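The values are calculated or read from the model by the stated rules, or taken from the named source; none is laboratory data. A quick note: this is a predicted structure, and the numbers were derived from the prediction, not measured. All Cβ positions, even for glycine, are placed from backbone atoms using ideal geometry, and neighbour counts span all protein chains on display. Only protein heavy atoms, including side chains, enter the accessible area calculation; ligands, DNA and RNA are left aside. Shrake-Rupley method; radii C 1.70, N 1.55, O 1.52, S 1.80 Å.
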Amino acid sequence: MLKIINYINGALTAPVSGQYIPNFEPATGDIYSYCADSDERDVELAHRAARDAFANWSCTAPEKRMHLLMRIADGIEKRAEEFIAAESKDNGKPLKLARAVDIPRAVSNFRFYAAAAQHFASESHEMPGIGINYTLRKPIGVVGCISPWNLPIYLLSWKVAPALAAGNCVVAKPSEITPHTAYLLAQVCIDAGLPDGVLNIVQGTGAKAGQAIVEHEGIKAISFTGGTETGRRIASAAAPMFKKVSLEMGGKNPTIVFADCDLEETVKQAVTASFSNQGEICLCGSRIFVEKSIYDKFREAFTERVKALKVGDPNDEDTQIGAVVSAQHKEKILSYIRLAQEEGGRILCGGAEWSTDQRSDRVKNGYFILPTVIEGLHVNCRTQQEEIFGPVVTLTPFDTEEEALTMANSVRYGLSASVWTNNLKRAHRMADKIEAGIIWVNSWLVRDLRTPFGGMKASGMGREGGWEAMRFFTEPKNVFIKY
Ligand code: NDP
């Protein structure tokens, strides 16, 4: 059976402990590989390799860095079918989604930051008649990149690519629930000729490998994406060491639908925003607020579309909703559906596991939940306040723009929001007042890699994307020269 091991100092390396964690295929519930159960000893080896590589890598010409990152992108593209199959098998997402989104996006991340390596420049500020300041942006050293299971290679590459482009060496840890594509990435890096130690991938749990990265004195910055509680732990461990920290965390994003929207298009897009990747995207719109005058019409059209979504084996080309990532996560989602009912919610569709009678033998024991729509819940109840991170959304009517705004801002999160209206002034007002780092108007998940990405409140600290990431992964140093 496949053994997923570490990538340290340019070589695929077994964990020091010799221990492995079983890795399940969510669609079948079967173990299909074993993932290295690394600990602080592996992190120490990775750190040493990265530290030793830093002197050369930080002085490598940007053009050469650019070529190497491009070669990594080409390497992923060449093995795209392997990456797609691995991502779908590991995470439970439809093969079609991994083909359309995850793998092309990982390729784009490497290409985007390959270009950034060449274009990132120092600034200068002249003081006329006095002198000139120039600001160098130096790579930090060895940095840690910790990523979650929902978009495994997409989010790992979103961190690793800018870190390397800026001249840092990296110790990365993917989620042990979805380690496979990071393992393939290690092979691609070897084939691309990335110098030894520049990127190190330590596989294993957050409690052991992740914590060891955060606590390592020699790892000077941490870029983390994951849950808010994990982010809090990381922030408190990193603060006494004055580490630079970037946190991308949970969300409970509003989809706000006004009566003057294009209803058909809004319903279609709201379904996508709710259930893409089984609702396991931090940007999914899980709280849908609809102006009262069109509430009934919206509910009917929305629920009809959700019922028509095809839940199925991720390998089938017509599957729209695959398996959720783990048995444990499935139980968490089901417990929220029960909670919603206790809190007075009415299930309009879904609300249960996908019936085993309708499944093929291959996926009989997989972790599938029907896309679920709930109405009748108070905006302050737990179901509407806590992140479920699964195929579950709530519908709530509102009377006025102010009420919609209050509801949207009523959670501790502030990652993203989408607003559906044909009133331009209202769109601007809402975009101005919603407490979120990313606002889409009449759209959802349109991404331009140059824009700042991240959340406010309990959703994030710092931003990724474009120059934001290059700035995070560098330390500015100002030099003044007197005329
Ligand atoms: P977790 O917070 O559980 O894990 C994220 C990563 O951190 C994993 O690699 C995990 O390892 C690791 N980790 C866990 N504990 C520690 C620790 N003490 N020290 C260091 N690392 C640790 O998140 P999930 O993987 O469950 O991902 C889902 C969450 O991610 C959701 O809340 C979602 O909203 C959020 N997310 C946010 C995004 C954003 O851009 N804002 C984008 C995507 C997801 P292990 O797997 O072993 O637990």
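Quick notes on this structure:
- The lone exception for T181 - which of (1) open to solvent by less than 10 Å² (accessible area, probe 1.4 Å); (2) of a type in the set (S, T, N, Q); (3) within 13 Å of the ligand (Cβ to nearest atom) it fails: (3)
- One residue alone among V171, V160 is outside any helix (DSSP H, G or I), surrounded by 24 or more Cβ atoms within 10 Å (Cβ to Cβ), touching a strand residue (DSSP E or B) at 6+ places or on another chain (Cβ under 8 Å) and assigned by TED's automatic domain parsing to the domain that holds H67, and that residue is V171.
- Residue match in region 412-419 (condition: part of a loop (DSSP other than H, G, I, E, B), touching a residue at least 12 places away in the same chain (Cβ under 8 Å) and in the same structural domain as I388 (by TED's automatic domain parsing)): yes
- Selection over region 442-467 of residues that are open to solvent by 60 Å² or more (accessible area, probe 1.4 Å) and among the aliphatic types (A, V, I, L, M) gives a count of 3.
- Among the residues of region 27-36, the one identified as part of a loop (DSSP other than H, G, I, E, B) and open to solvent by 20 Å² or more (accessible area, probe 1.4 Å) is G29.
- Residues that are over 24 Å from the mean Cα position of the chain (by Cα) and either surrounded by 13 or more Cβ atoms within 10 Å (Cβ to Cβ) or assigned to a loop (DSSP other than H, G, I, E, B) (or both) within region 109-130 comprise Q118, F120, A121, S122, P128, G129, I130, listed in sequence order.
- Exactly one residue among D102, D90 is within 16 Å of the ligand (Cβ to nearest atom), among the charged types (D, E, K, R) and in contact with a Lys or Arg (Cβ under 8 Å, 6 or more places away or on another chain), and that residue is D102.
- Where strands (runs of 3 or more DSSP E) fall wholly inside region 211-262, the ranges with 2 or more residues that are more than 15 Å from the ligand (Cβ to nearest atom) and closer than 30 Å to T400 by Cα are 253-257.
- Verdict on H378 being surrounded by fewer than 22 Cβ atoms within 10 Å (Cβ to Cβ) and in a loop (DSSP other than H, G, I, E, B): yes
- Within region 388-401, the set of residues being under 18 Å from I256 (Cβ atoms) and either touching an Asp or Glu at 6+ places or on another chain (Cβ under 7 Å) or outside any helix (DSSP H, G or I) (or both) comprises V393, T394, L395, T396, P397, F398, D399, T400.
- Restricting region 195-204 to residues that are out of contact with any Asp or Glu (no Cβ under 6 Å at 6 or more places or on another chain) and open to solvent by less than 10 Å² (accessible area, probe 1.4 Å), the residue that is farthest from the ligand (Cβ to nearest atom): V198
- Meets criteria (in a strand (DSSP E or B) and touching a residue at least 12 places away in the same chain (Cβ under 8 Å)) for K138: yes
- Counted residues, region 272-298 - those being within 17 Å of T421 (Cα to Cα), open to solvent by 10 Å² or more (accessible area, probe 1.4 Å) and part of a helix (DSSP H, G or I): 5
- Just one of the numbered conditions (1) touching an Asp or Glu at 6+ places or on another chain (Cβ under 6 Å); (2) part of a strand (DSSP E or B) is not true of N422: (2).
- For region 44-55, the criterion of a residue being farther than 23 Å from G210 by Cα, open to solvent by less than 20 Å² (accessible area, probe 1.4 Å) and touching a Pro at 6+ places or on another chain (Cβ under 9 Å) is satisfied by no position.
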